[in-house]
Amino acid sequence: MQITAGIDVGSVATKVVMLVGEEIKYLIKPTGWSPRDAGVKAYDELLEQVGCSPKDVNCRVGTGYGRVSLSFIDKAVTEIHCHARGAAYLIGKGGLVVDIGGQDSKAILINQKGKVLDFTMNDKCAAGTGRFLQVIATALGVDVSELADLAVGRNPLEINSMCTVFAESEVISLLAKGEDKRDIIAGIHRSVARRVWSMASRFGPVEQVIFTGGVAQNKDMQDKLTQASGCPVVVPEFSQVAGALGAALYARDIIS
Ligand code: ADP
């Protein structure tokens, strides 16, 4: 049986995918302070879960910002290419991929084979990224995984600050004024979705937006992105590991 691996060392989470034949096995771990250790540990842990040894893996491709620190990979491929490849594999057609990760957001126009036709990204400012949501969640005393349930169906408040630091202060002022935390979160989600779509809209309108990255796990963000874009938004299974999956597919190309 052919086995390939993709290792995506992101700023927040390290994702490893093993393609065991056609089966997708994966693992997600926090990256922490050492991208190198995170990559090695996550890879070793998934090997153990799958029940194979390093020599059983035919090829390994690394991606994500920490890919340069991985010494055990056969090749490194950019996140843009890996996300495109993984997303096309998951939905079986081309379209516009919107990936919102920990420290950047990207819009990638792809064809059916996952080839990148064009792309744009924000990696200069935390607003419009998962980090922004983490800062706001901390200010509100909740975990980032709780944001969606709190915000669904609420009345989004207008959030005027674009900068993460000012938005955090604005949120604290809104709380002090007695505003409901759930309406604040809904407003924050809407502001992130609008910000990301203002970057991605140069490729729209599109038949559908393929939403990937950690923030795509947030159901209310899916709704807010649908409203901001005016396009149907799909979140395929394995969307958080789309980059690692793309890397494992590139690894498969290398040996075929
Ligand atoms: P990176 O590749 O940069 O490490 P990810 O694509 O893994 O980033 O996304 C990380 C972000 O996803 C976090 O900053 C957080 O905002 C968000 N996130 C992760 N898990 C969840 C979850 N269960 N629910 C909502 N948001 C999540």
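Nothing in this text is a laboratory measurement; each read-out follows from the coordinates by a stated rule. Keep in mind that what you see is a predicted model, and the values were worked out from it rather than measured. Glycine gets a Cβ as well: all are built from the backbone with ideal geometry, and neighbour counts include every protein chain shown.
The distance between label points at ASP183 and GLU45 comes to 4.0 nm (points 7 Å beyond Cα on the Cα→Cβ vector). Here the label points at LYS219 and ASP118, each 7 Å from Cα along the C-beta direction, are separated by 3.5 nm in the simple model.
Based on alpha-carbon centroids, what's the gap between region 186-256 and region 94-123 in Å, whole number please? Cα centroid of region 186-256 versus Cα centroid of region 94-123: 8 Å apart. Rounded to the nearest 20 debye, the dipole magnitude of region 118-214 is 180 debye, with +1 charges on Lys and Arg beta carbons, -1 on Asp and Glu beta carbons, and the Cα centre as origin.
Placing unit charges on the Cβ atoms of the charged side chains and taking the dipole of region 99-201 about its Cα centre, the candidate lying farthest along the positive direction among LEU117, VAL192, ALA107 is LEU117.
Taking amide H positions as modeled 1.01 Å from N, with prolines and chain starts lacking one, the residues under 5 Å from ALA76 and 5 or more places away or on another chain are GLY62.
Based on a Kirkwood Rh over C-alpha pairs, give the Stokes-Einstein translational diffusion coefficient of region 95-176 at 37 °C and viscosity 0.692 mPa s in µm²/s. In µm²/s, the coefficient is 227. The H on the amide N of VAL209, modeled in the peptide plane, is under 5 Å from the matching H of VAL233, VAL234, each at least 5 residues off or on a different chain. Semi-axis lengths, largest first, of the ellipsoid equivalent to region 201-256 are 27, 14, 7 Å, with √(5λ) applied to each eigenvalue of the Cα gyration tensor. Evaluated at q = 0.09 Å⁻¹, a Debye calculation over the C-alpha positions of the chain (equal weights, vacuum) places log10 I(q)/I(0) at -0.39. Taking the longest Cα principal axis of the chain as reference, the axis of helix 130-139 is set at about 50 degrees. The simple Förster model, with R0 at 45 Å and r as the Cβ-Cβ distance, assigns GLU22 and SER198 a FRET efficiency of 0.70.
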